[in-house]
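Each reported figure results from applying straightforward, stated rules to the coordinates on display, with no laboratory input. Remember, predicted model here, so these are calculated numbers, not experimental data. Quick reminder, even Gly has a Cβ in these numbers, built from the backbone with ideal geometry, and neighbours come from all protein chains shown.
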Ligand code: GLV
Ligand code: MG
């Protein structure tokens with residue numbers, strides 16, 4: 001291990017993160033009753049410019065008056081390049097900061113962006129006498145944000161999670177696609193001719209590099225990596241496949257842009273019983289090995305060693321967090 005100890009952000013369950021437009025208060029009650037771990041009430045891209053002011057009022061009222069239970073509540077503010085952003089922060093934190101857990105910052109590009117919002121939030125919290133500190137979630141969704149992802153991840157003690165905003169990321173990198181989060185047939189490889197002369201097509205995951213890079217930056221700074229939207233809400237299989245890829249890479253959760261995606265995110269982002277059982281068997285086998293003075297042993301015909309303990313503990317701890 002390095003001498004550098006990574007400080008972990010507060011451990012919140014973040015398997016599903018439901019997006020709810022702040023301009024659609026008729027959706028709030030259903031969201032509050034849902035099984036989403038985190039809800040972000042949106043002031044940014046799901047809200048038309050003429051509706052921004054009313055959406056802010058809706059969110060403030062809903063945070064203060066509705067029963068959101070134990071849900072982690074977040075508000076996605078507008079980007080730092082818009083004049084909506086300062087009022088989003090000032091109004092929402094001043095008027096509803098007690099029930100707000102997180103602020104989601106979209107299109108964050110540099111560590112200085114984080115610093116700027118941190119400064120405003122700190123002043124408001126101090127002026128209002130809040131004791132609880134609001135955390136930050138950042139959407140990595142521009143080429144600049146991806147280039148600076150490590151600095152962004154380290155930019156504030158408020159940082160809790162990084163989210164991959166695949167739609168804006170595609171636009172920012174000028175990717176030739178208009179789908180949100182799915183695969184693209186043009187991102188594929190052809191095999192050499194097979195025995196019968198035909199050639200197979202293997203579809204690739206065009207988001208792999210971006211997501212993997214974000215996961216590393218998040219984990220190196222003790223933050224939760226969370227995969228963003230999957231736009232085709234009538235394709236549950238496609239959603240599950242995307243969520244599984246993200247989970248395998250280390251993501252803790254995925255957005256739900258439709259209520260039907262919440263249960264799928266919760267299920268895929270929770271380790272299965274079989275995975276937890278195997279992890280517990282690894283821990284038991286390693287405990288026995290240690291008692292016998294051995295560092296590596298075999299379990300079911302496979303090598304396990306001290307690194308296996310750390311891998312297994314990730315799964316067992318996650319299962320414990322979900323259970324409790
Ligand atoms: C989310 O904000 C995205 O752009 O995908
Ligand atoms: Mg976006």
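Using a Gaussian network for the chain with springs between C-alpha atoms less than 10 Å apart, which of these wobbles most: 92, 20, 276?
Residue with maximal mean-square fluctuation among 92, 20, 276: 276.
Considering just Cα atoms, how many Å³ per residue does the convex hull of the chain enclose?
Per-residue hull volume (Cα only) is 176 Å³.
Per 0.36 nm of contour for each residue apart, how much would the distance between residue 90 and residue 30 grow if the chain were fully extended, relative to their Cα-Cα spacing?
So the extension gain works out to 18.9 nm.
For segment 89-188, what Kirkwood radius comes out of the mean inverse Cα-Cα distance, in Å?
Its Kirkwood hydrodynamic radius stands at 14.7 Å.
If I model a spin label at residue 307 and residue 320 as a point 7 Å from the Cα along the Cα→Cβ vector, what separation in nanometres do I get?
2.4
What Kirkwood hydrodynamic radius, in Å, does segment 1-114 give when the mean of 1/r is taken over all pairs of distinct Cα atoms and then inverted? If you can, show how the numbers build up before the last one.
On the way: mean 1/r = 0.0672 Å⁻¹.
For segment 1-114, the Kirkwood estimate is 14.9 Å.
Give the Cα extents of segment 250-324 along the principal axes, in whole Å, largest first.
Principal extents (Cα only, largest first): 52, 25, 17 Å.
Could the peptides 311-324, 41-54 be put in order, highest first, of the mean number of other beta-carbon atoms found within 10 Å of their residues?
In decreasing order of mean packing, 311-324, 41-54 become 41-54, 311-324.
Sorted from largest down, what three extents in whole angstroms do the Cα atoms of segment 168-235 have along their principal axes?
50, 28, 25
In deg cm²/dmol, rounded to 500, what helix-only [θ] at 222 nm does the chain give when every DSSP H run of at least 4 residues adds -39500 (n - 2.57) and the total is split over its residues? Mind showing how you got there, number by number?
Numbers: 12 runs with 141 residues, N = 324.
The helix-only estimate for the chain comes to -13500 deg cm²/dmol at 222 nm.
Hey, if you drop one equal point scatterer on each alpha-carbon of segment 198-246 and run the Debye formula without solvent, what base-10 log of I(q)/I(0) do you get at q = 0.21, 0.24, 0.28, 0.31 Å⁻¹?
Debye output, listed in q order: -0.83, -0.96, -1.09, -1.18.
Can you give me the orientation-averaged projected area of the convex hull built on the Cα atoms of segment 160-298, in nm²?
12.9
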